[in-house]
């Protein structure tokens, strides 16, 4: 069996490298600590099922963690956030929040292609006010602490307006100015 001799540089470097390997393993794969939190969504006081809730980190630093988190509401309007997997949690911090649900009006065409939905004329009804759909412009924010979500409930208002109807596909482009 052949032995390996380290020079003085190698003898000093090796313990440091081994230490980095062990420390690197402490955090798993470089992911931040995550906290399981739940919240709820209501529209005009009523729980909404099937709404997508998106959390986008608010950061000032280019090096800050920026992975978004998301969840979907159940029949009671409750959601649990997931970052790497469904409902696994979210890193503590401040977030911009988007909430959206739109419902297909009618049925999908038999030849519908999920990879090219823009080729098909579809009509959707927004079940949540569209202004809340984009985390960057919704005006909704939240903070996740080591133990909870603040606020834990998002109460959206339609302001008495009828649900917005959205047209997609070629029919929309024909009507564009």
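The values are calculated or read from the model by the stated rules, or taken from the named source; none is laboratory data. Computed from a predicted structure; not experimentally measured. Cβ: placed from backbone, ideal geometry, glycine included. Neighbour counts: every protein chain shown.
Name the residues in the range 122-149 that are in a strand (DSSP E or B) and more than 16 Å from the chain's Cα centre (by Cα), would you?
We begin by selecting, within the range 122-149, every residue in a strand (DSSP E or B); these are 122-126, 140-144, 149.
Correct list: 122, 123, 124, 125, 126.
Name the residue that is surrounded by the fewest Cβ atoms within 10 Å (Cβ to Cβ), counting only residues in the range 37-61 that are over 14 Å from the mean Cα position of the chain (by Cα) and part of a loop (DSSP other than H, G, I, E, B). So that I can check it myself, show each step before the final result.
Restricting attention to the range 37-61, the residues satisfying the condition of being over 14 Å from the mean Cα position of the chain (by Cα) are 40-50, 59-61.
Subset that is part of a loop (DSSP other than H, G, I, E, B): 44-45, 48-50, 59-61.
Working: 44: 12, 45: 8, 48: 21, 49: 14, 50: 13, 59: 13, 60: 5, 61: 7.
Applying the filter and picking the extreme gives 60.
Among the residues of the range 81-99, what is the count of those that are assigned to a strand (DSSP E or B) and crowded, with 19+ Cβ neighbours inside 10 Å?
Residues in the range 81-99 being assigned to a strand (DSSP E or B) and crowded, with 19+ Cβ neighbours inside 10 Å: 6 in total.
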**Fill in**
Within the range 110-149, restricting to residues that are without any contact (Cβ under 8 Å) to a residue 12 or more places away in the chain and closer than 23 Å to residue 79 by Cα, the one that is surrounded by the most Cβ atoms within 10 Å (Cβ to Cβ) is 131
**Request:** Sort out which residues of the range 93-121 are within 25 Å of the chain's Cα centre (by Cα) and under 26 Å from residue 156 (Cα atoms), and write them in order of number.
**Result:** 93, 94, 95, 96, 97, 98, 99, 100, 101, 102, 103, 104
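On the given criteria, is residue 75 farther than 21 Å from residue 36 by Cβ and more than 14 Å from the chain's Cα centre (by Cα)? Break it down stepwise before answering.
Working: farther than 21 Å from residue 36 by Cβ: no; more than 14 Å from the chain's Cα centre (by Cα): yes.
Spelling it out, it is not the case that residue 75 is farther than 21 Å from residue 36 by Cβ and more than 14 Å from the chain's Cα centre (by Cα).
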**Fill in**
Of (1) surrounded by fewer than 13 Cβ atoms within 10 Å (Cβ to Cβ); (2) at pLDDT 95 or above; (3) farther than 15 Å from residue 43 by Cβ, residue 76 satisfies every one except (3)
